[in-house]
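One structure below.
The values are calculated or read from the model by the stated rules, or taken from the named source; none is laboratory data. Being a predicted model, the structure only gives us computed values, none of them experimental. Here the Cβ positions follow ideal geometry from the backbone for every residue, glycine too, while neighbour counts run over all protein chains shown.
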Amino acid sequence: MAQAIVGLGNPGPEYRDTRHNVGARVLDNMAKKLRVRFHRQGGHLLAQGKWRGEIIHLVKPQCFMNVTGPSMARVAKKLRMGAADLVIVYDDLDLPLGKVRTRLKGSAGGHNGVRSLIASLGSDQIRRVKVGIGRPAAATTDREEVVDHVLSPFLPEELPTVEAVCIHAVKQALKLVEDQHSRRF
């Protein structure tokens with residue numbers, strides 16, 4: 001039985017290095033680790049590899065994050081997977097930069113991309129790897145400042161931390177895959 005790891009982000013070069021695209025950045029690191037390449041298929045970037053005997057599909061949706069759910073529901077159906085077969089990797093404002101947290105299920109926690117996935121898949125039983133991007137320096141709740149923050153690139157001095165957290169997030173996602181695989185047998 002295969003599993004899929006989904007890196008959330010926004011399409012286009014203008015979003016590539018933003019905080020909101022850290023999920024896609026983690027998947028780029030995972031593709032290197034698994035020695036696979038992404039190819040375009042049905043509006044997504046997909047790669048397939050193996051990890052400790054388990055087939056893993058890597059998916060980078062090429063739609064805007066806040067409406068990821070419907071397209072990922074179609075991908076999951078095509079791959080014959082349910083919500084429990086997915087691991088999603090995404091940015092989390094409430095975690096400090098450099099921190100990673102995993103969850104096996106739960107609410108969207110204010111993340112519109114996760115909300116879209118839960119609604120479209122009809123389940124909150126989606127494993128998650130949340131990658132901390134921190135809040136804006138002013139710790140504001142002003143929506144406009146938060147949007148500007150998540151759509152801004154990482155600062156040059158943050159890049160070593162970002163690279164380290166991406167490697168850690170890859171390990172955590174693969175551990176979730178292993179744990180699910182071992183529960184089946």
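Conditions (1) modelled with pLDDT of 95 or more; (2) not hydrophobic (A, V, I, L, M, F, W, C), marked per residue:
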residue	(1), (2)
VAL150	no, no
VAL162	yes, no
GLN172	yes, yes
ASP179	no, yes
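VAL75 falls short on exactly one of the conditions (1) more than 14 Å from the chain's Cα centre (by Cα); (2) surrounded by fewer than 18 Cβ atoms within 10 Å (Cβ to Cβ); (3) in contact (Cβ under 8 Å) with a residue 12 or more places away in the chain, and that condition is (2). Tallying residues that are over 20 Å from VAL26 (Cα atoms) and within 15 Å of the chain's Cα centre (by Cα) within the stretch 111-123 yields 3.
So that you can scan it fast, the table gives a plain yes or no per residue for (1) modelled with pLDDT under 95; (2) surrounded by 15 or more Cβ atoms within 10 Å (Cβ to Cβ):
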site: PHE38; (1), (2): no, yes
site: SER71; (1), (2): yes, yes
site: MET81; (1), (2): yes, yes
site: VAL89; (1), (2): no, yes
site: LYS99; (1), (2): no, yes
site: LYS105; (1), (2): yes, no
site: GLY109; (1), (2): yes, no
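Quickly run through the stretch 127-151 and pick out the residues that are acidic (Asp, Glu) and surrounded by 14 or more Cβ atoms within 10 Å (Cβ to Cβ).
Once the filter is applied, which keeps residues that are acidic (Asp, Glu) and surrounded by 14 or more Cβ atoms within 10 Å (Cβ to Cβ), the stretch 127-151 yields only GLU145.
Scanning the stretch 40-69 for residues that are modelled with pLDDT of 90 or more, in a loop (DSSP other than H, G, I, E, B) and touching a helix residue (DSSP H, G or I) at 6+ places or on another chain (Cβ under 7 Å) yields a single hit, CYS63. So, of the residues in the stretch 111-126 that are touching a Ser or Thr at 6+ places or on another chain (Cβ under 7 Å) and under 10 Å from ILE88 (Cβ atoms), which turns out to be surrounded by the fewest Cβ atoms within 10 Å (Cβ to Cβ)? If we take residues in the stretch 111-126 being touching a Ser or Thr at 6+ places or on another chain (Cβ under 7 Å) and under 10 Å from ILE88 (Cβ atoms), then GLY113 is surrounded by the fewest Cβ atoms within 10 Å (Cβ to Cβ). Looking only at the stretch 85-94, residues that are more than 18 Å from LEU27 (Cα to Cα) and within 15 Å of the chain's Cα centre (by Cα) come to 1 in all.
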